[in-house]
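Read the structure below first, then the notes.
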Amino acid sequence: MADLEGHFDRTIARDQRIEPRDWMPDGYRATMVRQIAQHAHSEIIGMQPEGEWITRAPSLRRKAILLAKVQDEAGHGLYLYSAAETLGADRAELTDKLIEGRQKYSSIFNYPTLGYADVGVIGWLVDGAAICNQVPLCRSSYGPYARAMIRICKEESFHQRQGYELLLTMMKGTADQRAMVQDAVDRWWWPSLMMFGPPDDASPNTARSMAWKIKRHTNDELRQRFVDMTVPQAAVLGVTLPDPELRWNPERGHHDFGAIDWSELQRVISGDGPCNAERLARRRAAHEDGAWVREAAAAHARKAAARAAR
Ligand code: 3HC
């Protein structure tokens, strides 16, 4: 056993990848299943907020772009459930845990999309935050997860660009359209900062995840990176980020920003966000409505196996 642990530790220390057949500590396996499953749940639930605007997109072009993006999120979820299965997780069990509230998904998807500008702001801010958080995960120590991230990040950058381009178009529009964009920015800015998780001194998982090189940066480091990236983009767009304390700090070489309401994050994580009940109810209904497909596929597989066995 000592040699197995030694090999695991040396692999991590050398920045090499842990693969499915490698020995790994139970805690590493459990942490990877936890993070990958919740990431997958986030992608699947994340289809709902923007999905509500597919039928109301203002043009065929916008409808086609939004359709492609929402389909991408579904694909990301399936990709990540497959990565979780390489660790021995059971996909059906993970879905049950999500539906029964026994596993988390990202807080950000518990906010409503009140107007079409929300579609652009989600692309710009939420997918922009996802890129900040997920690009380092391309170097995560668990092989299947890191490799899944490479393709997912490429698609996320399309998501972020289409959102920003949508907002640039609206900001060249009428005063009402510009006001819609600013209203959406006001509502999505702080929840986007919360996506990165609690502050480092209140993050029970970060130290161990950093030691195992699952995470390559802490929650606060990535949050700061996102703020520094987004401020100039907001200036080009011509919107105001809703934080009077946001300013460049030359000593730090970063933007200072105001205090985040951590009680809001805890409320939303614990199920008391604006849309938690609706999101889970819709996921439960979709799962139940799809039961006949799973049963038919299983029956077909049994028949195929019986034929092959003859
Ligand atoms: N929403 C919901 N739960 C959150 C959260 C958030 N924004 N931030 C933290 N949490 C939870 C954690 O899951 C953990 O609970 P758990 O132990 O029961 O899992 C607890 O709060 C403490 O947080 P930690 O910082 O200690 O936990 P982590 O080290 O796991 O860090 C994380 C949280 C930064 C989200 C990390 O898990 C991570 O990087 N995950 C991978 C990326 C991901 O899941 N992103 C979610 C958005 S998906 C997305 O953006 C899709 C795109 O298409 C828009």
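Every condition in (1) touching a Gly at 6+ places or on another chain (Cβ under 9 Å); (2) under 26 Å from residue 199 (Cα atoms) is met by residue 253 except one, and the failing one is (1). Selection of helices (runs of 4 or more DSSP H) fully inside region 1-79 by the criterion of at least 1 residues being loosely packed, with under 14 Cβ neighbours inside 10 Å and modelled with pLDDT of 95 or more returns 2-13, 26-45.
The listed residues are 207, 184, 179, and the only one of them that is under 30 Å from residue 19 (Cβ atoms) and either basic (Lys, Arg) or modelled with pLDDT of 95 or more (or both) turns out to be 207. Identification of helices (runs of 4 or more DSSP H) wholly contained in region 185-270 with 2 or more residues that are more than 14 Å from the ligand (Cβ to nearest atom) and more than 16 Å from residue 129 (Cβ to Cβ) yields 219-237.
When residue 302 is tested against (1) touching a residue at least 12 places away in the same chain (Cβ under 8 Å); (2) over 29 Å from residue 101 (Cα atoms); (3) part of a helix (DSSP H, G or I), only condition (1) is not met.
Can you name every residue in region 169-194 that is touching a residue at least 24 places away in the same chain (Cβ under 8 Å) and open to solvent by 50 Å² or more (accessible area, probe 1.4 Å)?
177, 178, 180, 183, 186, 187, 190
Considered as a group, the residues in region 129-139 that are of a type outside the set (Lys, Arg) and more than 9 Å from the ligand (Cβ to nearest atom) include one that is farthest from the chain's Cα centre (by Cα), and that residue is 138.
Within this structure, residue 157 fails the test of being surrounded by 23 or more Cβ atoms within 10 Å (Cβ to Cβ) and either within 9 Å of the ligand (Cβ to nearest atom) or without any contact (Cβ under 8 Å) to a residue 40 or more places away in the chain (or both).
State all residues of region 99-111 that are away from the ligand (no atom under 12 Å from the Cβ) and open to solvent by less than 30 Å² (accessible area, probe 1.4 Å); if no residue qualifies, say none. Don't jump to the end; show me each part of the working.
The first filter runs over region 99-111 and keeps only residues away from the ligand (no atom under 12 Å from the Cβ), leaving 99-100.
Result: 99, single match.
Do we have residue 123 as within 11 Å of the ligand (Cβ to nearest atom) and in contact with a helix residue (DSSP H, G or I) (Cβ under 9 Å, 6 or more places away or on another chain) here? Yes: the conditions hold for residue 123.
In region 112-153, the residue that is surrounded by the most Cβ atoms within 10 Å (Cβ to Cβ) out of those that are basic (Lys, Arg) and modelled with pLDDT of 95 or more is 147.
The values are calculated or read from the model by the stated rules, or taken from the named source; none is laboratory data. All of these numbers come straight from a predicted model, not from anything done at the bench. Neighbour counts run over all protein chains shown; Cβ positions are idealised from the backbone, glycine included. The protein model used for the area step is the full one, side chains on, heavy atoms only, and it has no ligands, DNA or RNA in it. Shrake-Rupley method; radii C 1.70, N 1.55, O 1.52, S 1.80 Å.
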